[in-house]
Amino acid sequence: MLNEKSKKLKLNRVQLFILYFFLFSFIGWLMETIYAIFTLGHFVKRGFLFGPICPIYGYGALMLIYFLGKYRKNNVKLFFYAAILFSAFEYVTSYALDALFGMHWWDYTNDFFNLNGRITLSFSVAWGIIAILFINHVYPFLKKKINLILAKIPYKIQAFIVYFLTSIFFIDTISSCVRYLI
């Protein structure tokens with residue numbers, strides 16, 4: 001019979017999803033920042049929060065993993081479901097940010113085939129393509145690397161990191177909301 005201490009504790013699914021959320025939120029922030037540097041020629045603070053994350057990318061990655069991962073072998077369905085899901089998500093997020101804070105974090109008004117400047121056909125197509133790349137290549141690769149890294153870190157430290165990042169996220173979210181509401 002195995003002793004309880006000899007079992008290797010691992011993060012549960014929710015804790016792993018929290019780590020994925022922060023990883024992909026940070027990667028999204030990096031992409032946004034690099035894009036702004038190339039298009040504007042200088043650093044621009046991207047996103048809603050003070051910290052270096054764009055939560056919309058983290059939530060988007062989790063939606064892909066959780067809801068659309070089952071379409072990994074069917075790129076046509078994955079493309080269309082992702083294009084629809086993320087266009088709706090982007091529209092609702094844009095509307096909510098506008099309603100709550102009276103600010104626009106993106107505006108597609110001048111883009112072809114846009115809906116109220118909140119979403120556009122070109123980005124809907126991009127979300128479908130990104131979903132295929134993410135589900136078939138990016139996520140499996142990063143999942144494997146994350147599992148290798150986590151295998152080397154004691155469970156208590158892993159759990160601490162999850163709770164620490166979550167706490168910082170909540171503090172940052174509250175601070176950012178206060179900043180935009182005042």
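Things worth noting here:
- Looking across region 84-111 at every residue that is in a loop (DSSP other than H, G, I, E, B) and in contact with a strand residue (DSSP E or B) (Cβ under 7 Å, 6 or more places away or on another chain), the one that is farthest from Y180 (Cα to Cα) is identified as D111.
- R46 passes every criterion in (1) touching a residue at least 24 places away in the same chain (Cβ under 8 Å); (2) crowded, with 19+ Cβ neighbours inside 10 Å; (3) assigned to a loop (DSSP other than H, G, I, E, B) apart from (1).
- Residue that is surrounded by the most Cβ atoms within 10 Å (Cβ to Cβ), among those in region 124-182 that are under 19 Å from K10 (Cβ atoms) and of a type in the set (F, W, Y): Y139
- Whichever residue in region 103-121 is within 21 Å of the chain's Cα centre (by Cα) and not charged (D, E, K, R) and, among such residues, is surrounded by the most Cβ atoms within 10 Å (Cβ to Cβ): I119
Every number here is computed from the coordinates shown, using simple stated rules; none is lab data. These numbers were taken from a predicted model, which means no experiment stands behind them. Don't worry about glycine lacking a Cβ; one is built from the backbone with ideal geometry, like all the others, and counts go over all protein chains shown.
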